[in-house]
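Structure, as structure tokens:
All of the numbers you see were taken from the coordinates with simple rules; none came from a lab. Quick caveat, the model's predicted, so the values are computed rather than measured. No Cβ is skipped: glycine too gets one built from the backbone with ideal geometry, and neighbour counts run over all protein chains shown.
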Amino acid sequence: MGHCKLKVNTSKKETRLKRKQRRIKMAPFTSIFGCTLLLNAAATFRSSSYWNSYKSCFGYSEGQSGNEDENKSSDTSNPTLIAKHGALLKKYLAVYLLSVLSDWLQGPYVYALYDKYGYSQHEIAVLFVAGFGSSMVFGTFIGGLADSCGRKKFTILFALIYIASCVTKHFKDFNILMLGRLLGGVATSLLFSVFDSWLIRSHADAGVTSFLSKSFAAAQYGNSIVAISAGLLANQVASSGPLVPMFADEDDEDAVVYKGGYLNPFDMALVVLVIATFVAATTWDENFGETKEDAQSAKNKRWYDAFTSAFYTTIHSKEILYTGLICSLFEGSMYIFVFMWTPAMQALTDDPLPFGLIFATFMVCCMAGSSIFSVFIG
């Protein structure tokens, strides 16, 4: 009798567990994305300049309108400079947004692809750390090389390196995938250094430095939109077909080269990078970070002088030291999240997950957080 009760209780527990798993499997990812998108739209509207025009409709008093028009500099209202800035910004955004699109397209499916290849979590962690380490090492000096050799050249180099990194994803070989992670780290260092440097110098050369904040704001907003779109696009192409071996039977576990499935976002990123390379090569002007006098004085310095100067500056400035520590701790927590969110969600269900849609939801939340922060700081 007791044995029968034990079997019944066990059966009930299994039934409850299956129901819980079924609820997880049926999670309304599309509805969640839609709700976060509405939240983001509301937060973005509240933080925008349009709020001042419509806030009375929500019961807020008009208050002081301020003298924004009077405070505008003569530069930002000069038609000639406005036209110059507009042309420069279009050239920059055409390349920059294509470049970040290629980066965001890969984000949702890096871990999922390695897992699909059959690598353990430890092996995948090694690949991730290699990419982060590569970015850390090359990021310390690659910006200086771009300043000396030309930022347009290094922008094109970024695209070529990232293209090579995308190609390596087709190989189910740990060493080749490791090479791809190292190349990806170099490309990431270039993406977050060379583009900004080119933009700043181009503004100075064109005499539109007063528009620089507007350019960065436009780039940041465009980056957020591109990140959300990339997640949705990657989700569609990744689910368009299965991951299958090339030059071998579908059930051949020894196959090395693959196509389709989770590789489709990487192939799309490759195509985007080719377009970005062409646009940069044909529309961007070359600029450098050093004048002839700077280059001459740099020859008299030792190769490690910049590192020692940065070290002593950090040690002797509490503001820089604390800012660096806070950024390091935050980035460290983010890298842990970037690595763990995919396996954490995979552990909840055996069904295939819409990683691109989930990633897009993360990006919408990031954009909403930025807008809410803007509201709080006034």
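Between Ser48 and Thr323, the FRET efficiency from the beta-carbon distance, with R0 = 22 Å, is close to 0.20.
Can you tell me the length gained on complete extension of the stretch Phe330 to Leu145, counting 0.36 nm per residue apart and subtracting the Cα distance? Display every interim value, and only then the final one.
On the way: separation 185, 0.36 × 185 = 66.60 nm, distance 2.79 nm.
Contour length minus Cα-Cα distance gives 63.8 nm.
A full extension of the chain between Lys214 and Ser56 corresponds to an added length of 54.2 nm, given 0.36 nm per residue minus the alpha carbon distance.
If R₀ is 45 angstrom, what is the calculated FRET efficiency for the pair Thr313 and Glu286, using the beta carbon separation as r and rounding to 0.05? Each step should come with its number before you reach the end.
On the way: r = 30 Å, r/R0 = 0.67.
Given R0 = 45 Å and the Cβ-Cβ separation, E is 0.90.
Assign one of three labels to region 138-267, namely rounded, prolate or oblate, based on the Cα gyration tensor with a ≥ b ≥ c the square roots of its eigenvalues; rounded applies when a/c is under 1.5, prolate when it is not and a/b is larger than b/c, and oblate otherwise. Judged from the Cα gyration tensor, region 138-267 comes out oblate (a/c at least 1.5, b/c at or above a/b). Beyond 21 Å in Cα-Cα separation lie the following of the pairs Lys55/Lys214; Lys84/Lys153; Lys153/Lys259; Lys169/Lys259; Lys84/Lys152: Lys55/Lys214; Lys84/Lys153; Lys153/Lys259. Using the Cβ-Cβ distance between Ile176 and Lys84 with R0 set to 51 Å, the FRET efficiency works out to roughly 0.65. Modelled spin labels at Lys153 and Val257, positioned 7 Å past Cα toward Cβ, are 3.3 nm from each other.
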